[in-house]
Structure formats: structure tokens, C-alpha cells
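Written out below as C-alpha cells is the structure these notes cover.
The values are calculated or read from the model by the stated rules, or taken from the named source; none is laboratory data. As the structure is a prediction and not an experimental result, all values here were calculated from the model. Methodologically, a virtual Cβ is constructed for each residue, glycine included, from the backbone with ideal geometry; neighbour enumeration extends over all protein chains shown. For accessibility, only protein heavy atoms count, side chains too; no ligands or nucleic acids. Shrake-Rupley method; radii C 1.70, N 1.55, O 1.52, S 1.80 Å.
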Amino acid sequence: MQNALQSAWLELLPQLLHGASVPTAVDHIALLDSCSALLSLVVSSTAALRGNLWQFVQPPRETASSGTASGSSMLGALYVLLFLGDSNAHLAEQLAAAMLPPLFGSEPSLTEAAIQGAFTAAVELLHSETIIRRLASLTEEDKRAALQRALHFLQLFRTSRPEVVDTWWAAYGATIHELVSYAQQNGSAALKQAQLQLIVRVLCCQSTAEMLALYVMGHPAYAEAKDGPRRAFSVLAALLQHDIPAFLEGCCATLQPENSCSLAVRIEGLQAMNKACDGYLRDTAGDREAAVALWTPSSLQSLLFALNRDPSIRIRREAMRLLTSVSAQVGSPQEEQLLHAVSLRCRDKDELVRCQAYQMLVQFPAATLHACLSEATWFGLLNFGLTVKCENALTAQRPATGRPPTKAGMGGGKHGSDIHAAAQQLLGLYLFSERCEGAGLGGRAQEGDGGEQGAGGGDVPAGWLERLEVLGRHSRAHGATGFVLVEQAYESALQGLLQAETLLQAAGAGLG
């Protein structure tokens, strides 16, 4: 009796999986969903029935002989992976592979029709009200895992052959084009509809963010329009609202020179990132891990590249403003890269960028500053910040009267006093912050450094008096400006740049 039931079930299996004689995709999805429990049994017994099962799950002869799979076969295979691959992922993948030979995860003979069929099946399945209800009943973690399997299904058709990769991305781009056109006609908010959210979450993620951004930017509705960049980033934000780090990844693609994006696009992208970061950090306030996870290493690298290499002052200003949203683990390579980039911008030709850089520099932990900055770098930052205060007077010389230059005399720049105040805070950190044991205080050199930046040297001394001596030693090579720095350093020490008791304790430690 058991054998008879098994034989009858196996004979019906091809019709169920491949949708034979089922008129529409909606009917096929409903049939698959109604037999979900039985399909689970098939998947769990795949290993035991392998000898028998493979011959029953092969695609219909007419599609197998043509080398392509029908859309209904694609849909059946995707359903198996989506809902039956949670606890039996390997067996579910074996079953789906048997349904789509030689297309599923294999190298040769992948055709444009097969790849397009896979995308069509994904859209049809994830747009179905039956599947939407089914996924809504899952926990958020299980739902995320199921959608990840749907993306995995599509990526199995993207092999290493260049022509196949191009065909896959073309099919991906065609699907994104339809989504963008829908948003262009109905507004970005239309992408938040439940009927679209599943396919959006599958296609719009970290692994596709860069190409997604470029496809959206290149849409005809935005490519030539005056307000095109603003509208394009609004659509991109709607497509990636569920994954803000991926949104940043996509926006950062527009900063890369090889993508040849216009100045308007790059500026709009930085502003869109600022807005997204503000909302994300507000929603995750107090969650340190979430703040650190906001910026991936590749996104941060693209942002820092634009900050240090983009010729546009407007780009550098926006990039500096965006850096305030970046959090890095103390002692991590990302923190060191961030500090290096900020210290370079302290010598930017634009006064506002310099001001932003100095104000950000003093927010780093003192231990990080002492671990990553050499003596020469400290002197360069302090000398420039305390004696240079204006775009129109990039070098401040002692007046002929012999008196030290006043704050106004060192330049009338709009942000000069702010730079000077931040440099005084930096001087306080240099003089009075305690040395962190084992922090590697030799001043780690950064690749590509020149001049004072990153110059190796001796350790930063532990005592504040010794540090004053270091400033004096470096100042002798810088003439009048060096003398001004040392004069201000001694004045700050005498006045107690920090609190009076701190100065007394530091003095006691130095003299002792």
C-alpha cells in the first residue's frame, strides 16, 4: 500500500513542480502552496529516494531538449528553495537543480532566455498575494533568510563567464528599470506597497547596491532632467529603505571616478547620504554596534577617497560633514584611516574644510591621537592651527613691531577663530592627556604620506613639560611661526588650558 501511494505521488510530482497543464502562474503558485507539506516530505526524503526521484523531477521532454527551462519550471524550483530550504537547504537545492538541468548553477549554455525566465519567476512568485501572506506569517529573521534564498536562486545563474555576467546584469537592469518607471509614474512612496516590497528586498541589497545606483541614475527619466539627481536618489532611497548601509554603498558608487558621475550627482549623493545617516542614527540612538555597522569598509574607503582626491570644494565640504556620522571601533584600521584623512584635510585650501577637520580631530580619543600621530605631525597640526587663521593669509608671520600677532592679525577668515579654538583644544590633548601604555606611540606612518604627515619619529613623550620641549625643538626650524606656536603653548600651559587642578597634577607628575 505504501509503495502504491509513493508511486502515485511521484507520478504527480512533475505536474506539481513544473506546472504542467496549469494555465497561469497564479494557479501554479496556489497549487504549490496547497501541497507545501507534501513537498516538505519529498525534500526530506530526497537522499533516500534519489535513485527514483531524479527521473520524476526532470523537466518536460520538450523543454529539456531545447536546453532551456520553462517559466513554470523556474517558478517551481524557486518555490522549493524559498520555503523548503530552511532546514534542508542542501537537499532543496539538489531537488531544484534536478528540475533545471543543465541551467541551474552550471557553466555552459546559459542563455538570455533562461536568465530572463529566472527573473520573471522571481517577480511572479514574490508578487503573489499567496506568497506575501505566507512570508508575513514568518518571523523577521525567517523572512530575511527566505528572501536571501531567492537572491541566491538568481545568482546561481550568474557564472564567471563575462558574457553570462553581462546578460545577468542586463536582466537585472531590465527589472530595476520597470520598478523605477513605476516609481516615476506613481511616486517613490509607491515602492513601499506590500506587493512590491518582497521583490524590492530581494533585488535591492548590499551585493547589488552599486549596480542598482548606477541603473537608477541612468534611467532616462533622470539622466537629462535638471532635478534628475534629486529625484533619482529619492527613488534609490525608497528601494533601499530597508538597508541603509546598502544605500550608502550605492551612493558611494557615484563618488568613484571610474563611474564618471557629474558634479551635481556627486553632491546630491552626499546630501542624500547625510539625510539617511541622520535618520538611521536617530532611530538607533545609543546602539553602538548599529552605528559602527552603518559604514562598510568599502563605503568608507570611497568616501575618504572623495574627501582627499575630489577637486571640488563643495564635494569636500559635504564629505567632511558626512564624516560626523562615521563611527569606528577604537584601535581598528577604519579608525586609523579616518584619522589620517581628517588630519590631511587640516591643510585643505578651503577654510571651511580646514575648520571642519580641526573640529573633528579633537573628537578622537586622546589615546588614538597619540597612537597614530608622530611628533612631527603633532607639530604640523598645532603650528598650522594656532598660527594660520585665514584663507587670505595662509602663513602668519610676526609683525615688524615684534609683538605676537593678534587673532585678528593672523587673518580675518570667517572660520579662523573656530580653527584656532579647535587647535587650542588639540594642544590641550597633546600636552595633558595621559599616554596610553602599549598604544604604539611611534606614530604609525600611512601609505602615501608626504611631508610632515605620517612622518615617523620618536615616541610622543609622557610628560607635558617634555612635550613642550618637543614643540620647542621643532619650532626652531620654522622661524617666526614656530616661535608663535611655542609662545602660545607656554601661555596655554601657564593659564591651565584644562582645569587648574589638572594642570597642577600634570605639573607635579612632570617635575616629580
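Annotations for the structure displayed:
- With DNA, RNA and ligands ignored, accessible area of Val362 (1.4 Å probe; Å², nearest 10): 30
- With θ taken as phi - 60° and the Karplus curve 6.51 cos²θ - 1.76 cosθ + 1.60 applied, the whole-hertz 3J(HN,Hα) list for the range 295-311 is 10, 6, x, 5, 5, 4, 4, 5, 5, 5, 5, 5, 4, 9, 10, 5, x Hz, x standing for glycine and proline.
- Whole-number Å³ per residue for the convex hull built on Cα positions in the range 292-383: 88
- Exposure rank, largest accessible area first [Leu38, Leu31, Leu13; 1.4 Å]: Leu38, Leu31, Leu13
- Rolling a 1.4 Å probe over the protein heavy atoms leaves Arg161 with an accessible area of roughly 80 Å².
- Accessible surface ranking that places the most exposed of His340, His90, His18 first, with a 1.4 angstrom probe: His90, His340, His18
- Solvent accessible area, Å² - Tyr182, 1.4 Å probe, full protein context: 80
- Distance between the range 136-167 and the range 190-233 - C-alpha centres, whole angstrom: 18
- Estimated dipole of the range 157-248 in Debye, rounded to 20 [Cβ of Lys and Arg +1, of Asp and Glu -1, Cα centre]: 200
- The range 115-232, accessible surface, carbon-and-sulfur percent (1.4 angstrom probe): 51
- Percent of Cα pairs in the range 301-349 per distance bin of 10 Å, from zero to the largest separation: 25, 60, 15, 1.
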